[in-house]
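Student: What follows is a structure written as structure tokens; I'll ask about it next.
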Amino acid sequence: ELSIDVNNPRIIYAAMWEHGRKPWQILSGGPGSGIWKSVDGGETWKRLSNGLPKLMGKIGVSVSRANSSKVYAIIEADRDKEEDGLYSSDDGGENWTHVSKENMLTQRAWYYIKCFADPRDENTVYVMSPGAYRSKDGGRTWEDISGVHGDFHNLWIDPKDNQHLVIVNDGGCNISVNGGSTFTDQRNMPTGQFYRISVDNRSPYQIGRAHV
């Protein structure tokens, strides 16, 4: 996953994920997982580590448009050691603080966990998981803004109006113009998430929907 500092697009944060999926097992995490930073448009990279777990799984990263020094990362890590959750940095990733250990933020991490810094308020951050969650105090407390479906995967925040949101889930997408207090109905939009499709042997072939 990449997050580019729009105030200086030569600064890029990259979250890498060591992952494997076998018929009997999902492998998520290892020494290949981590967060890197480039200040020269991707020519060279530095691994960030101070304050982060030594062993990580899937990671979502987002640098704030409102304050380029503020960076958020939602991290899958050892839950028994309470290392997973939301981390934040106030100095461009040099040092990190574990600000939230809420388990709801990292449920089924291999399938979810993406974070989005609000473009107008450096202390507001969103996390997509089975539910959609927002914090207005830098990740210390959370509110659920799901309300329309379940299984959330992406979010767009209008850079000029942070009350204007487009949120994406397994049922399609929903639009809010009041900061997530209400969303549009998704039943009037022909969108959805297809898990599997199959084709038959006819020519031209026809497509069958297996699951939606």
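The values are calculated or read from the model by the stated rules, or taken from the named source; none is laboratory data. What you see is a predicted model; the values in this text were computed from it and never measured. Don't worry about glycine lacking a Cβ; one is built from the backbone with ideal geometry, like all the others, and counts go over all protein chains shown. With ligands, DNA and RNA removed, areas are computed over all heavy atoms of the protein, side chains included. Shrake-Rupley method; radii C 1.70, N 1.55, O 1.52, S 1.80 Å.
Student: Mind telling me which of the residues Ala73, Ala66, Ala14 ends up being hydrophobic (A, V, I, L, M, F, W, C), in contact with a strand residue (DSSP E or B) (Cβ under 9 Å, 6 or more places away or on another chain), surrounded by 14 or more Cβ atoms within 10 Å (Cβ to Cβ) and not in a strand (DSSP E or B)? Step through it out loud before you land on a result.
Tutor: Details: Ala73 fails: not in a strand (DSSP E or B); Ala14 fails: not in a strand (DSSP E or B).
The unique qualifying residue is Ala66.
Student: Hey, another quick one. Inside the range 1-49, can you point out the residues that are within 30 Å of Pro159 (Cβ to Cβ) and at pLDDT below 95? Working first, answer last.
Tutor: Narrowing the range 1-49 to residues within 30 Å of Pro159 (Cβ to Cβ): 1-17, 33-48.
Correct list: Glu1 only.
Student: Please find, among Ser181, Ser176, the residue that is over 26 Å from Met16 (Cα atoms), out of contact with any Ser or Thr (no Cβ under 7 Å at 6 or more places or on another chain) and not β-branched (Val, Ile, Thr). First the steps, then the outcome.
Tutor: On the way: Ser176 fails: out of contact with any Ser or Thr (no Cβ under 7 Å at 6 or more places or on another chain).
It is Ser181.
Student: Going through the range 21-53 one residue at a time, which ones are touching a residue at least 40 places away in the same chain (Cβ under 8 Å) and under 15 Å from Ser3 (Cα atoms)?
Tutor: Within the range 21-53, Ile35, Lys37, Leu48 qualify.
Student: Mind listing just one residue for me: the one in the range 85-105 that is open to solvent by less than 50 Å² (accessible area, probe 1.4 Å) and assigned to a loop (DSSP other than H, G, I, E, B) and, of those, nearest to Asn50 (Cα to Cα)?
Tutor: Restricting attention to the range 85-105, the residues satisfying the condition of being open to solvent by less than 50 Å² (accessible area, probe 1.4 Å) are 85-89, 92-93, 96, 99-100, 105.
Filter again for assigned to a loop (DSSP other than H, G, I, E, B), leaving 92-93, 96.
Working: Gly92: 12, Gly93: 8, Trp96: 6 Å.
Restricting to residues being open to solvent by less than 50 Å² (accessible area, probe 1.4 Å) and assigned to a loop (DSSP other than H, G, I, E, B), the top hit is Trp96.
Student: Does any residue in the range 188-209 that is closer than 24 Å to Gly171 by Cα and among the aromatic types (Phe, Trp, Tyr) come within less than 9 Å, Cβ to Cβ, of a residue that is modelled with pLDDT under 75 and in a loop (DSSP other than H, G, I, E, B) six or more places away or on a different chain, and which pairs are these?
Tutor: From the range 188-209, the pairs are Phe194/Val212; Tyr195/Val212.
This table checks each residue for (1) closer than 27 Å to Asp78 by Cα; (2) in contact with a helix residue (DSSP H, G or I) (Cβ under 6 Å, 6 or more places away or on another chain); (3) not basic (Lys, Arg).
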| residue | (1), (2), (3) |
| --- | --- |
| Arg120 | no, no, no |
| Asn123 | yes, no, yes |
| Met128 | yes, no, yes |
| Ser135 | yes, no, yes |
| Gln186 | no, no, yes |
| Asp200 | no, no, yes |
| Tyr205 | no, no, yes |
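Student: Would you say Arg108 is in contact with a Pro (Cβ under 9 Å, 6 or more places away or on another chain), assigned to a loop (DSSP other than H, G, I, E, B) and at positive phi?
Tutor: Numbers: in contact with a Pro (Cβ under 9 Å, 6 or more places away or on another chain): yes; assigned to a loop (DSSP other than H, G, I, E, B): yes; at positive phi: yes.
Yes.
Student: Same structure, new question: Take Tyr111 and tell me if it is more than 14 Å from Ser62 (Cα to Cα), among the aromatic types (Phe, Trp, Tyr) and out of contact with any Leu (no Cβ under 7 Å at 6 or more places or on another chain).
Tutor: So Tyr111 passes the test.
Student: So which pairs qualify, if the first residue must be in the range 153-164 and under 12 Å from Val177 (Cα atoms) and in a loop (DSSP other than H, G, I, E, B), the second must be open to solvent by 40 Å² or more (accessible area, probe 1.4 Å) and at pLDDT below 95, the Cβ gap must be under 8 Å, and the two must be at least 6 apart or on different chains?
Tutor: Pairs found: His164/Ile175.
Student: Another question, if that's okay. Going through Ile113, Ile197, Ile167, Ile175 one at a time, which residue ends up being among the aliphatic types (A, V, I, L, M) and on the phi > 0 side of the Ramachandran plot?
Tutor: Numbers: Ile197 fails: on the phi > 0 side of the Ramachandran plot; Ile167 fails: on the phi > 0 side of the Ramachandran plot; Ile175 fails: on the phi > 0 side of the Ramachandran plot.
Just a single option satisfies the conditions, and that option is Ile113.
Student: Something else now. So, in the range 192-212, of the ones that are touching a strand residue (DSSP E or B) at 6+ places or on another chain (Cβ under 6 Å), part of a loop (DSSP other than H, G, I, E, B) and loosely packed, with under 11 Cβ neighbours inside 10 Å, which residue ends up modelled with the highest pLDDT?
Tutor: Within the range 192-212, the match that is modelled with the highest pLDDT is Tyr205.
Student: Here's something else I'd like to know. State which residue is surrounded by the most Cβ atoms within 10 Å (Cβ to Cβ) when the search covers only the range 106-129 and only residues that are aliphatic (A, V, I, L, M) and touching a Gly at 6+ places or on another chain (Cβ under 9 Å). Give the derivation first.
Tutor: In the first step, residues of the range 106-129 are kept if they are aliphatic (A, V, I, L, M); the result is 109, 113, 117, 125, 127-128.
Still in the list and also touching a Gly at 6+ places or on another chain (Cβ under 9 Å): 109, 113, 125, 127-128.
Working: Ala109: 23, Ile113: 26, Val125: 27, Val127: 29, Met128: 23.
That would be Val127.
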